[in-house]
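Scroll down for the structure; my scribbles are underneath it.
The values are calculated or read from the model by the stated rules, or taken from the named source; none is laboratory data. In this text the structure is predicted, and so the values were computed from the model without any measurement. Because the Cβ atoms are built from the backbone with ideal geometry, glycine has one as well, and the counts that use them run over all protein chains shown. Heavy atoms of the whole protein, side chains included, go into the accessibility calculation; ligands, DNA and RNA do not. Shrake-Rupley method; radii C 1.70, N 1.55, O 1.52, S 1.80 Å.
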Amino acid sequence: MMPVSEIIIGLTVLLQGMLLVIPRGNSRSRCAELLSVFGLGAAALALVVAHDQPSLALSFEMLDDQALFRIPRAALLLSSLLLSRIVAATRELPDGRKPEVLFLLTILALLCDLLILSQNVALSIILLVLGSWVGIFLGGLAYRGRSEGEAVLKYWIQASLSLTAGFGAIVLLAVVAGGAHFSVIGEYMRAQQAYSPQSLLVVAGLFLPFFMAGGFFPFHFIAVDRDHGLPWAVQTALSVTFQGAVAVAAWKMGVVVFGHASRDGGASEGLRVLQLCGLIGGFWLALFALSQDNSKRLYSALVGAQWSAVLAAGALPTLLSATAIVYALSATFVWSAILGFVWSRFQEWSGSENISSVYGAARAYRTSGLILLLALASPLCVPGFPGFPSVLYLLAAMIEQKSLVFLGAEAALLSLLCLTSIRIGTDLLFRRSVARPAHSPANTVLNYSALDRGVILGVSAVLLTAGFFWHSILTQLGTAAEIFLK
């Protein structure tokens, strides 16, 4: 039995695939856009409506529809919906290829959704590899020259290494732990001594493919170096949809497998490794972002550091920690997609990849400026937006771990991310603008269609609702987290 949301996405993929056999034209592109908006929107709505329903065990015991993860899955689909509007407006992709890009983007959303549902290492590795290859195809469809070619080659190498490490991990876990299901590996880990060679081997086998495919520490610069050669639409999809889904899936797997506390009451070895990787990678990416002028590298580093900062707070599988992590991950999906939506249009309007070329652009174009402020309000922890309660709960989860060192590190990392967001807002809003030709063809990128306005209003309403009614949402997530942690 499959949930309604997966059925809707599957039908959307099927209909978009059927469109590809129709001769190219404006009608085909328009139908593909409408299918993406209504298919992904309906799937996200189905998850929101069903978020407080009991968990549903799916077929073959390889997928588990936990109520706790329905809100981040809905946020993932909403971000994919917004990314589809970047694809529709961009000039970095050939118009005749846009229906194919939208088709692949919907497939990527489906694969990411299933990755969060997965309860089996073998299935997770297959989904990671398939998601990586979809990313390669997305980059290939945008091929225009050396820049995209280098990015696709780097991504192909990354995907190949992920494939090798992933299937090696499956063999390792099958031999050492006796199976590839999360519950089987969890039972094996509970019988081992903390930080024993066998335990550390399992930790490496489980997390290495996730870190490699998602571009997390120690592979955090893979994504930054790869993404800056891709079009904004493709880069944003990889940074938000794929990397975010990998972060959610890795934390969920860590809790299921390593959810027991160590004998001294602290974090287990698997979740401690996840925390350390999040802190180290987050600091490195945040400092890197502060020093960057290339907008694609800056955006990729900022979003990657945000995912890492959220993972760093999840070392203890408690009710507070689970609630904080899931709420923060859900918020990051939405605001980072909004940020990519408006920032990509500014950069394409300027004809340059450097942020210095769009100084003051948000002040000159009021509508885009308001959308930018909406996106930056969450990472700046403005009350009324989900970033404010997210930071409070993440710090509360760190306090629960009773370690001043880790609490100070997390607070410092969140402060660095806030500084990066201030830098972006200052550059785009208050720096002296560079004059642009009034009738430049690229200026049409800043015009919003009726469908654009409808989508951005809907996503903005979701973001504001999550911010103003955060207490109610966190209460419901806490109830779902209690079921998940049992």
Worksheet item: Taking the stated definitions as given, is S460 closer than 23 Å to A331 by Cβ, surrounded by 14 or more Cβ atoms within 10 Å (Cβ to Cβ) and either among the charged types (D, E, K, R) or modelled with pLDDT under 95 (or both)?
Response: yes
Practice prompt. Return yes when A337 is touching a Gly at 6+ places or on another chain (Cβ under 8 Å), more than 30 Å from A267 (Cβ to Cβ) and open to solvent by less than 30 Å² (accessible area, probe 1.4 Å) and no when it is not.
Written response: no
Item to complete: Any chance you could count how many residues in the stretch 392-451 are open to solvent by less than 40 Å² (accessible area, probe 1.4 Å), at pLDDT 85 or above and of a type in the set (V, I, T)?
Response: 2
Worksheet item: Restricting the first residue to the stretch 39-55 and requiring it to be within 22 Å of I107 (Cβ to Cβ), which pairs with a second residue that is modelled with pLDDT under 70 and surrounded by fewer than 17 Cβ atoms within 10 Å (Cβ to Cβ) meet a Cβ separation below 8 Å and a spacing of at least six or different chains?
Response: none
Worksheet entry | Pairs with Cβ under 7 Å, 6+ apart, first in the stretch 22-37 and over 16 Å from I107 (Cα atoms), second open to solvent by 30 Å² or more (accessible area, probe 1.4 Å) and in a loop (DSSP other than H, G, I, E, B) | R28/I22
Practice prompt. For residues that are open to solvent by less than 10 Å² (accessible area, probe 1.4 Å) and part of a helix (DSSP H, G or I), tally how many sit in the stretch 106-122.
Written response: 9
